[in-house]
Amino acid sequence: MSINLGSAILYLNADPRELNRALVKAKKNSRRNMTGIFDLTRTVGRGFAVMGGAITAAAGLAVRESMSFRGALAEVSTLGVQDLEAIGDAARATARTFGLDVIDAVNASYQAISAGAAEAEVPFVLEESAMAASAGMTDLKTAVELGMGTVNAFGLDVRDITGVFDEAFTAVRMGVTTFEELAGSV
């Protein structure tokens, strides 16, 4: 084979069998490399699909939680609450501080207000009730029912709820009763 490079002539001698072997080897290597690239692309694609699914699920859950939160606050508003934002903030803070569900905290706010707590007292009632729930191994709603029920039954001030919980916890600790039983008897 000759290539004209201007005034020079270059002669290449190649063994066609060697050239053929080299081309076959190059073809096999390129197929293997392409298969590897396709496998990698498939794996990356699956990874993106899983990640997209997880993001979609998380977004769906966030939307559902937001709707549930708003629905629970709407229920609180039926009690004539003027500052729903403050109630929502108190519920969020209590849930975050004590590792509780925020919807449960909003529902406990409803319980507190319907039992006579003023809007301004709700953050205090939620915090004290969350601590009592933790100590008494019960849920927030039960603690609010016990605390506010006792405050109402004895004509106490809402600020006395701390003492109510102290006494209730003492009874529970002595093995006499449970928070649920006490809340059910008030």
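Take the conditions (1) assigned to a helix (DSSP H, G or I); (2) in contact (Cβ under 8 Å) with a residue 40 or more places away in the chain; LEU100 misses just one of them, which is (1).
Every residue, every condition in (1) closer than 27 Å to THR170 by Cβ; (2) modelled with pLDDT of 95 or more; (3) part of a helix (DSSP H, G or I), yes or no:
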{"site": "ARG70", "(1), (2), (3)": "no, no, yes"}
{"site": "ALA91", "(1), (2), (3)": "no, yes, yes"}
{"site": "GLU121", "(1), (2), (3)": "yes, yes, yes"}
{"site": "ALA132", "(1), (2), (3)": "yes, no, yes"}
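In region 110-143, the residue that is nearest to ASP166 (Cα to Cα) out of those that are of a type in the set (S, T, N, Q) and more than 21 Å from the chain's Cα centre (by Cα) is SER129.
Only one entry in GLY149, GLY155, GLY163 is in a loop (DSSP other than H, G, I, E, B), out of contact with any His (no Cβ under 6 Å at 6 or more places or on another chain) and farther than 21 Å from LEU100 by Cα, namely GLY155.
The values are calculated or read from the model by the stated rules, or taken from the named source; none is laboratory data. Predicted, not measured: the structure shown is a model, and the values here were computed from it. Because the Cβ atoms are built from the backbone with ideal geometry, glycine has one as well, and the counts that use them run over all protein chains shown.
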